[in-house]
Every structure is written in C-alpha cells, then in structure tokens.
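Laboratory data are not the source of any read-out in this text; all were calculated from the coordinates shown. It should be emphasised that the depicted structure is a prediction, and the values quoted were computed from it without experimental measurement. Virtual Cβ from ideal backbone geometry, glycine too; neighbours counted across all protein chains shown.
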Amino acid sequence: MLLNGIQIDDTFAEAFNMRGTRVIITAQNHKWAYNAANAMTGFATSVIGCGVEAGIERELSTEETPDGRPGVSILMFAMGSKVLMQQLETRMGQCILTCPTAAAFAGIDSEDKISLGKHLRYFGDGFQTSKLIDGRRYWRIPVMDGEFLTEETTGMVRAIGGGNFLILATSQPAALAAAEVAIEAMKQVPNVIMPFPGGVVRSGSKVGSKYKTMFASTNDAFCPTLKGATNTELSSEIESVMEIVIDGLTFEDIALSMKVGIEAICKLGESSDVKRISAGNYGGKLGPHLFKLHDILNGSQS
Amino acid sequence: MSTLTFNLKQPPQHAINCSNLTPNQLSGKTTSQIAATLITYGNATVSTSELFEISGIDASHITFKNATPALDYIGANMASGTITVEGDAGAYLGFGMKNGEIHCHGSTQAFAACNMVNGVVRIDGNTGDFLGAGSEGLRKGMRGGTVIVKGNAGDRVGDQMRRGLILIEGNAGDYCGSRMIAGTIGVLGDLGTYTAFNMHRGTLLLKKLPQLHATIQDCGSHTLPFLSLLFKSLAKYDTQFSKFNTQRVQRYVGDAAYKGNGEVLILNA
C-alpha cells in the first residue's frame, strides 16, 4: 500500500490488555495544572520500568472542570489493578498533594473504584474533613497554602496498551520531524496518550534477550546500524526509525489515533524523506489485540 | 393517571398519623383498598375514608389538601414518588424518608426530616424545632438527603445530624447544629444563641455572623475551593443558596469543648 509516496507495510501492531484510569487535575491557572500533571506523569513511559504508563490527555477549560478552574486530564495505565492503585496513590501523594493550588477529581466513571484521596486524607492528621456533594465524596485536607481538595475515588476501566507504528526515514532529523507532526495530530484524539518522551520512542524493544535477566531488549531488526549484522527489516536507504506508542481506553480510540498519526505523516509526502510506515509486532507473543495498518487506514478496523 | 388526593373532610380534633399514606405503601392498591387503609386518629384506628375525601389513583404522586398541623408523619419512610402538602403539615414530616420528594406549601411542626436517609424535603413556610434531628433515644439524626426551608426554623436544627444538607433561607433558632456529627447546614437569616454547641464535625454555612460562644474559635478568612462544588450542586434546587459563587469565608472551628472539628463558615458575599 502506497499513501502519497510513502509505503505502508502490510503488518500489524500488537497490543495487550491494561487497566486504565483518568484523573482531572485543576489549579489556579494552567501553568500550575501543568506543573502538577507533568510531575504526576513523569517517569511513566513504560510499564517495564515505571510501573505505569501515563500522559496528559488534553487541556481542560474552566467550563469542563468540576470546580470551574483551569485543568488538564491525565490518563494512566498499568498491567494490573494493584499496580495502578499503588502508583496512583503514590503519585497523588508526591505530585498533586505537594503542588500549589492543585486539586484532583475523578475523570472516568466505572463500577471499579480506585482511591484518589481515600488514603491520602490521613495526611490531614485528624483535621481532614469530607464533603458528600451530589453523591460524590470529596476530601478537604488542610495544607500550608490553604486546603487541598480531592475526590475520594476515581474509576478504573479495562484498557489497551501498546498500540504503535514505526516511522522509517532516510535520516534521523527526518524521522523525528515526521514523528513530531504525527504526535501533534494525535494529541487531538481523545481517550489516548503517547507515554514516551514527547510522545516518541527511539528504543523500540523486542520480547526476550540473549541475557537471562532481561525480558526485553533492543529491536535489532529495526536498528539501522545493525543492517548488516542481523536479520534486518530495513532497506539500505533507511537510516533512522522512530516509534510512536499509544495507550487508549478502547481498541477504536487507539485505531483512530494511529490512523490520524499515519495520515498526518503521509500528508508530508515523499519530500519528508519518510520511506515506510511499519508496526511493531512480536509474532503473537505479546498480546491479543492486532491493529492491522491497512485495515485501519481503509477505515475497516478488525 | 390522576394524582391520588387526600382532602381533609373537616379540621381534625386529634392528630392523624399519615405514615401509611405514602407512595410505596399505596402503590398497586385499588381505590377501595386505599379508602380502607387504616390510620391512627388520636388513640383510635379508623379507615382513611372516614377522615379524607379520596380522589385520583396515581399513588406515585400523592397530594394532601386542606392539610393542617394535625397531620403527623406525612411521607414517613417513603422510598419513592412525590408528596405535595397543600397547607400545613404536623410533626415528623418525612420521618425516616428513604427517597422521593416531599413539597409542603405551608409550615410544619417539629421534627421535620427526622431520621431522614435520602430524598428531598421542601418546606415553603416555617418549620419547628429539631429539623433533621434524630428521634428520641437515637444517637444519630438525619443521615442523608436534602431539606430546603424557605421560612424560619426552630431550635436545634440538625441536632446529631450525620450526613446530608439542610438549607434555611430564613432564620434559625438556638443551638443550631448542636451535637452535629457531619453534613452541611446553611442559614441565610439570623441565628439564636449557642450555635454549633457540642459540634463534632460538619459545616454551618451562614450569611450572618451569630453570637458564638467561647469554644468556637476564629481561624481567619480563607478561599475554600470545595464551596464552588457545593454551590454548583445546588443549581438544581430552587434556592437562594445557588446564587452564591464566592469561595471567600471567615472560618470558625469548634466546638473545642468537645474537641470538635466542626466549622462555621461566614460567607463574604
């Protein structure tokens, strides 16, 4: 398949089941909402080393937040509910409780509830008070800048992580420039995050390693400097590959985000020096969800 | 279907216990079964049709017409539907109410919303003492729901209140929020003495600073973010309280005599 001179491989991205949640962070202004959200989603690129994958989904206007202040929404994903709960509590305590003027609210409804401020309230040392407003419980924890307001719980839903595509270009700057264009377009899609730095990952991994202690290692088939040394996937003119990884609430959300991202790159045309779009799959070793590039771009998701 | 209406035939000589005349007690009953429903009148037990003219069949919406303060326990333990009281209600309006809505166009006697669990009670007139309190011997008062009083309330509003919201647009009497365990009481008018007496936790949201006793201590002026959530949540009710959009309050905490962590917030509107 050729889209505006760029080849789309007949392959698929392979994704796995995760647990996800959304938290709404508000503050006095967007600057401080971002300070809180950036701290909370920091060191959350991959479950391999961080426990969770998290990112800012989008900015929220004063009309969209529960308390009428500027805010941002955060999506957070983990491999299991226990890790998600642990990470959310830790990050709430160290990143939101500590951030001046920040408040936290549930961003998603679900039967499964995980604690947002439920345990954090004990920081109040007996001076904390709760308010039940419209069936939702909030905690008011006295802190040095005034009062920290947080909802007691947020919802936890079944989600999908690891949707991805690879951008193969003739130079490193070209691959990165195309990735940036894709990320800007994909940021407009709701219910997804791209958890890596700037949304882009340069060290795509494969499952397993020659070393016993490692369960993931460099994706040598897509490493341009190993073209002659390994069973490569790259043709001679490819000098750099960037990957965009997507976590989302549903299959459709991830598929849409992949479509938007790939189309944004293809719009750049041949002059972008992007030659191919491919996807990371691991022969069925990783997960049950298959995002077939051709189907996604044709609008027939499978 | 037409509203099930109980029209008092003549002013009663004794108190009438209306706790059997609720939507959940009467749903599915025929007109004759409703007419034969037994109610307590003074120390006698009589059928409903002896005291009321009954019309309509839709038990999910009940109206009491020509209501007087002799009608006690209207909407007691009701779990669904609506009750409209055209006139005044007696004591224990909405006693132990589980859900639904009661709208009293007139005033009520004491113990309105006593032991209430959920739902909405609106009182257009005044109400007596012990609004939202617990019944005799109980150690917890109202446990949830919303009460809106357009007029004045008597003494001991929210005595031992555990949860829920009481909004009074007029004045409240002495000992407002006494022994309050949690919940929120708003008063726009004046208050009597000993406000927040022995208050454990909870919030009194006031427009005017009442005379506070020594064990309620000033914590200064503050901006409290939860107030925006609270006022926003009141928009669905027809009440003066939903018109506030300030988060600035003077905060008093007590009752220190009880090691209490309750708060009295004076709105700086």
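Per DSSP H run of n ≥ 4, the term is -39500 (n - 2.57); total these for chain B, divide by its residue number, and report the mean residue ellipticity at 222 nm rounded to 500 deg cm²/dmol.
Working: 4 runs with 22 residues, N = 269.
Using -39500 (n - 2.57) per qualifying helix, the result is -1500 deg cm²/dmol.
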Next item on the list: List the trypsin sites (Lys or Arg not before Pro) within region B:190-221 that fall in a DSSP loop (any state other than H, G, I, E or B) and whose Cβ has at most 13 other Cβ atoms within 10 Å.
Entry: B:Lys208
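First select every other residue whose beta carbon is under 13 angstrom from the beta carbon of B:Lys150; then total the charges, Lys and Arg +1, Asp and Glu -1. Please report the intermediate quantities before stating the final value.
Working: positive: B:Arg122; negative: B:Asp124, B:Glu169, B:Asp238.
Counting the neighbours of B:Lys150, the net charge comes to -2.
Per DSSP H run of at least 4 residues, take -39500 (n - 2.57); add these up for chain A, divide by its residues and hand me the 222 nm value, nearest 500 deg cm²/dmol.
On the way: 6 runs with 65 residues, N = 302.
Result for chain A: -6500 deg cm²/dmol, rounded to the nearest 500.
Averaged over its residues, how many other protein chain Cβ atoms are within 10 Å of peptide A:127-135's Cβ atoms?
On the way: counts 2, 1, 8, 4, 11, 7, 9, 6, 3.
So the per-residue partner count for this stretch is 6.
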Next item on the list: Quick one: dipole size for chain A, taken about the Cα centre, charges +1 on Lys/Arg Cβ and -1 on Asp/Glu Cβ, in debye to the nearest 20.
Entry: 760 debye
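With r as the distance between the Cβ atoms of B:Ala79 and B:Gln217 and R0 = 60 Å, compute the FRET efficiency 1/(1 + (r/R0)^6) and round to 0.05.
About 0.90, to the nearest 0.05.
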Note to self: Calculate the FRET efficiency for B:Ala35 and A:Ser110 from the Cβ-Cβ distance with a Förster distance of 60 Å, rounded to the nearest 0.05.
What the structure shows: 0.80
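Rounded to the nearest 5, what % of DSSP beta bridges with both residues in the protein assembly as shown are antiparallel? Spell out each step's value before the answer.
Working: 85 of 130 bridges.
Rounded to the nearest five, the antiparallel share is 65 percent.
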Margin query: Under 19 Å between alpha carbons, and skipping anything fewer than 8 positions from B:Lys29 in its own chain: which aspartates and glutamates qualify?
Written below: B:Glu50, B:Glu53, B:Asp58
Next item on the list: Please list A:122-128, B:136-142, B:17-23 highest first by mean number of surrounding beta-carbon atoms within 10 Å per residue.
Entry: B:17-23, B:136-142, A:122-128
Checklist line | For region A:236-284 versus region B:1-57, the gap between their alpha-carbon centres in whole angstrom | finding: 72 Å
Check: Taking only Cα atoms, what is the 0 to 90° angle, nearest 10, from helix A:81-91's long axis to the longest principal axis of chain A?
Finding: 70 degrees
Next item on the list: Enter the mean number of other protein chain beta carbons within 10 Å of the beta carbon of each residue in A:67-74, as an integer.
Entry: 2
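Treat the count of other C-beta atoms within 10 Å as a stand-in for reagent exposure and order B:Ile16, A:Ile108 from fewest to most. Mind showing how you got there, number by number?
Numbers: B:Ile16 26, A:Ile108 18.
Going from sparsest to densest Cβ surroundings: A:Ile108, B:Ile16.
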Notebook entry, point to check: What distance in nm separates the simple spin-label points at B:Lys140 and A:Phe16, each placed 7 Å from Cα in the Cβ direction?
Noted result: 4.5 nm
Next item on the list: Would you mind checking the tilt of helix A:172-186 against the longest principal axis of the Cα atoms of chain A, expressed as 0 to 90 degrees and rounded to 10?
Entry: 50 degrees
Margin query: Quick check on the protein assembly as shown: take the gyration tensor over C-alpha atoms, sort the square-rooted eigenvalues as a ≥ b ≥ c, and tell me if it's rounded (a/c under 1.5), prolate or oblate.
Written below: prolate
Next item on the list: Along Cα→Cβ, 7 Å out, is where each label goes; now give me the distance between the ones at A:Glu59 and A:Glu252 in nm to one decimal.
Entry: 2.9 nm
Next item on the list: Using θ = phi - 60° and the Karplus relation 6.51 cos²θ - 1.76 cosθ + 1.60, list the HN-Hα couplings for region A:211-218 in order, rounded to whole Hz, with x at every Gly or Pro.
Entry: 8, 4, 7, 9, 9, 9, 8, 4
Next item on the list: Per residue of region B:202-217, in order, report the coupling 6.51 cos²θ - 1.76 cosθ + 1.60 (Karplus, θ = phi - 60°) as ³J(HN,Hα) in whole Hz, putting x for Gly and Pro.
Entry: x, 10, 9, 10, 10, 8, 10, 6, x, 6, 9, 7, 4, 8, 10, 10
Checklist line | Cleavage-rule hits, trypsin sites (Lys or Arg not before Pro), region A:205-295, DSSP coil, Cβ neighbours within 10 Å at most 12 | finding: A:Lys210, A:Lys212, A:Lys285
Next item on the list: From other protein chains only, count the Cβ atoms within 10 Å of every residue's Cβ in B:227-239, then give the mean.
Entry: 3
Notebook entry, point to check: How large is ³J(HN,Hα) for each residue in region B:169-179, as worked out from phi by the Karplus curve 6.51 cos²θ - 1.76 cosθ + 1.60 (θ = phi - 60°), to whole Hz, x for Gly and Pro?
Noted result: 7, x, 9, 10, x, 6, 6, 5, x, 5, 6
Margin query: If each residue of separation counts as 0.36 nm, what is the full-extension length gain between A:Gln188 and A:Leu132 once their alpha-carbon separation is subtracted?
Written below: 16.8 nm
Checklist line | Virtual spin-label span in nm between A:Asp125 and A:Asn4, 7 Å along Cα→Cβ | finding: 5.9 nm
Next item on the list: List every residue whose amide H lies under 5 Å from the amide H of B:Gly144, counting only residues 5 or more places away in sequence or on a different chain, with H placed 1.01 Å from N in the peptide plane.
Entry: B:Arg163
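Using a Förster distance of 25 angstrom, determine the FRET efficiency expected from the C-beta separation of A:Ile48 and A:Asn231, and round it to 0.05.
Values: r = 23 Å, r/R0 = 0.94.
Once the sixth-power term is evaluated, E becomes 0.60.
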Check: Once both axes come from the Cα atoms, what is the angle between helix A:251-268 and the longest principal axis of chain A, in degrees from 0 to 90, rounded to 10?
Finding: 50 degrees
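Kindly give the semi-axes, whole Å and largest first, of the ellipsoid equivalent to region A:19-157, taking each as the square root of 5 times a Cα gyration tensor eigenvalue. It would help to have the intermediate numbers written out before the result.
Values: eigenvalues 87, 57, 44 Å².
Its equivalent ellipsoid spans semi-axes of 21, 17, 15 Å.
Determine the shape class of chain B: with a ≥ b ≥ c the square roots of the Cα gyration tensor eigenvalues, call it rounded for a/c under 1.5, and otherwise prolate if a/b is greater than b/c, oblate otherwise. Could you put the intermediate results ahead of the total?
Working: a/c = 2.54, a/b = 2.06, b/c = 1.23.
Since a/c reaches 1.5 and a/b is larger than b/c, the shape of chain B is classed as prolate.
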